[in-house]
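The next block holds one structure in the form of structure tokens; read it before the comments.
The values are calculated or read from the model by the stated rules, or taken from the named source; none is laboratory data. Given the structure is predicted, the values throughout are model-derived calculations rather than measurements. Reconstructed Cβ throughout: ideal geometry from the backbone, glycine too, with neighbour counts over all protein chains shown. The area values use the complete protein model at the heavy-atom level, side chains included, leaving out ligands, DNA and RNA. Shrake-Rupley method; radii C 1.70, N 1.55, O 1.52, S 1.80 Å.
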Amino acid sequence: MTDPIYKTDALIAEDIEAYLEQHQNKSMLRFITCGSVDDGKSTLIGRLLYDSKMIFEDQLAALENDSKKVGTQGQEIDFALLVDGLAAEREQGITIDVAYRFFATEKRKFIVADCPGHEQYTRNMVTGASTADCAVILIDARKGVLVQTKRHSFLCHQLGIRNLVLAVNKMDLIDYDQAKFDAIVADYEHFAESIGIETFTAIPMSGLAGDNITTRSDNTPWYQGPVLIDHLEQLEVNNTANQAKPFRMPVQWVNRPNLDFRGFSGQIATGTVKPGDELRSLPSGKTSKVKSIVTMDGDLDEAVAGQSVTITLEDEIDCSRGDVLATADAPPEVADQFESTIVWMDDEPLVVGRAYWLKLGTQMVSVTIAHPKFEIDVNTMEHLASQTLHLNQIGVCEITTDKRVVFDPYGENRALGGFILIDKITNHTVGAGMLHFSLRRSQNVHWQPTDITRDHHADMKNQTPRVLWFTGLSGSGKSTIANEVEKKLAIMNRHTFLLDGDNVRHGLNKDLGFTESDRIENIRRVGEVCKLMTDAGLIVLTAFISPFRADRQLVREMIDAGEFIEIHVDTPLEVAEARDVKGLYKKAREGKLKNFTGIDSPYEAPENPEIRVNTVEMTPQQAADYIIGQILPLK
């Protein structure tokens, strides 16, 4: 069953330091295996680990034992079990999660990601492909090019993987038929051209039998191309290609151990840098020359893409975490509006207009996403109309960040063109994306400076601007209490303005309905108005249901720190419904009013509001007095 002389590198056991030193200077290639279910991805990786002598004796014994119990090859070794680590995977014989494995040959080190083949695990495949230099796309020689083959090929191309291997696997099951191999390659080539894939390397192989993986097979004398491992050893890795590009280093940390040292630490994304080079810090645009390149092992004469270093500059310039140091005469772009491709990875669909965190390199900004221009059907490559994105769907969308970010198009620079999206409430990663280009309007719209500042406006009114944001269910008494508070502030000669939910929908927001995305846009617009009014020095009172925490947080982030006061008008649903002055709850219960908060649309109560009032225990006047007492003094 097994090779009786199978033996791992003896140097590992004899002298681990010598073994590590031997491998230290080898280049590292990251690649993924992908394709449809049961195309043999895990078996191929298991074979690579076995043939490269990366399995220890106890692992081999366990593999033999597991192969007898849960393997799919009878009494023979089931190499897939080396990679399929989850119990569910072993039981079903499929890959669910992304499994990473390390192995090495005499020429190179490798990290391989075994990506799941099922459509519902597309997000896992994207995760594995995001850092890969190469993709090995497996095809079952009996089945040919399948839908998932096309899906994974498209995703690899979108993610910027240009080294593609078409591994026509299980050739042993079709008697190594050259005609069938050529037909599969021709079919795939036709598809590849349609999505922009220019080149790929096709190899006939058998993961189980070991044909054309590490040694040339006598079963395919008609094949004259490279075997898989030889091809992988010759490929150019991303770091090597990146060294020829303009210098870019996202700043991870400002290193300030003492008053005499100030350096900027990070991993170089592209290019090379030497002392004396002129760099530009973005987004500030300030320039300076490199004074030194510092590492734990001493100063360097040159640093290249892939290295983590600390750079000191000759001048004190504005540069902090999230900024980017770049070649002065070829800097990246800076913008706040983009076209992008987004792969949605969350069970909950994209909510258009909601604010998410966008992480791009070391930059973290708030972002809102417009309705998709179109969704991409990766089975047919059609562009489909879509209002949102669901799990594993891919769409082209325009996005807007709350401040300008430094970027390169993804096709030129993965580090400054690829981003992830994070839900602000759950902190879950909900999507991944690629920036195509900045929108022209973002370059043409600039803030116009004015001589009369917001501080001057506030001083004229002898008050500190505030946003008193009343939130609660319909019928809770928000508008009544807000009106009482405004009357009391007027008696105190305070300059105020009350924005009521119903009143705003008669004018500013009359084009909006009550769907989730419309509610978000309603609150976003009101937040923008609040910001303008606080800039004018006013105390703004708002009375809106504003049912979603994320949207109230969006407004909070718009307003200057400390000026946003969230007031939860806390009223139980049954009490609010009993009041039902407008008859809205009755209509909602009868199905005549859709998306009504508390009935068929959720209300997310504030978790830590600045002020909470209970309208069951307080009259509107008492609640207003309590609120005034909490916010005074206003100056």
Accessible surface, 1.4 Å probe, highest first, among residues 563, 590: 590, 563
Pairs of alpha carbons in the stretch 494-551 whose separation is greater than 18 Å (percent): 31 percent
Virtual spin-label span in nm between residue 209 and residue 241, 7 Å along Cα→Cβ: 3.4 nm
Modelled FRET efficiency - R0 35 Å, residue 589 with residue 518, Cβ distances, 0.05 increments: 0.95
Residue-span extension gain [residue 318 to residue 216] - 0.36 nm each, minus C-alpha spacing: 30.9 nm
Residue 611 - accessible surface, heavy atoms, 1.4 Å probe, Å² rounded to 10: 10 Å²
Rough spin-label spacing in nm, given labels placed 7 Å along Cα→Cβ, for residue 291 and residue 455: 3.1 nm
Within the stretch 130-180, trypsin sites (Lys or Arg not before Pro) in DSSP loop having at most 15 other beta-carbon neighbours inside 10 Å: 142, 143
Counted charge near residue 137, where neighbours are those whose Cβ lies closer than 11 Å (Asp, Glu -1; Lys, Arg +1): +2
List 265, 308, ordered by accessible area with a 1.4 Å probe, largest first: 308, 265
Pairwise centroid distance, computed over Cα atoms, of the stretch 150-173 with the stretch 368-387, Å: 23 Å
Lysines whose Cα lies under 26 Å from that of residue 586, excluding same-chain neighbours fewer than 8 positions away: 478, 510, 594
The chain - mean residue ellipticity at 222 nm from DSSP helices (-39,500 (n - 2.57) per run, n ≥ 4, rounded to 500): -8000 deg cm²/dmol
In Hz, Karplus ³J(HN,Hα) per residue of the stretch 297-313 (6.51, -1.76, 1.60; θ = phi - 60°; x = Gly, Pro): 9, x, 6, 10, 7, 7, 10, 10, 3, x, 8, 9, 9, 10, 10, 9, 10
Per-pair calculated FRET efficiency, R0 = 35 Å: residue 505 and residue 427 via Cβ, rounded to 0.05: 0.60
Where 190, 428 fall by accessible area, highest first, once all protein chains stay in place (1.4 Å): 190, 428
Too-long pairs where the Cα-Cα distance tops 27 Å, listed order kept, from 107/180; 26/274; 107/291; 143/373: 107/180; 107/291; 143/373
Stokes-Einstein D (µm²/s) once Rh is taken as the Kirkwood radius of the chain over alpha-carbon pairs, at 10 °C in 1.306 mPa s: 55 µm²/s
Virtual spin-label span in nm between residue 608 and residue 187, 7 Å along Cα→Cβ: 5.8 nm
Cα-based equivalent ellipsoid of the stretch 373-477: semi-axis lengths in Å, sorted from largest, via gyration tensor: 38, 24, 14
Mean Kyte hydropathy of -0.5 or more with a Cα span along the axis of at least 18 Å, helices from DSSP in the chain: 178-194, 478-491
Residue-level accessible surface for residue 245, protein heavy atoms, 1.4 Å, Å²: 70 Å²
Accessible surface of residue 518 - all protein chains present, 1.4 Å probe, nearest 10 Å²: 40 Å²
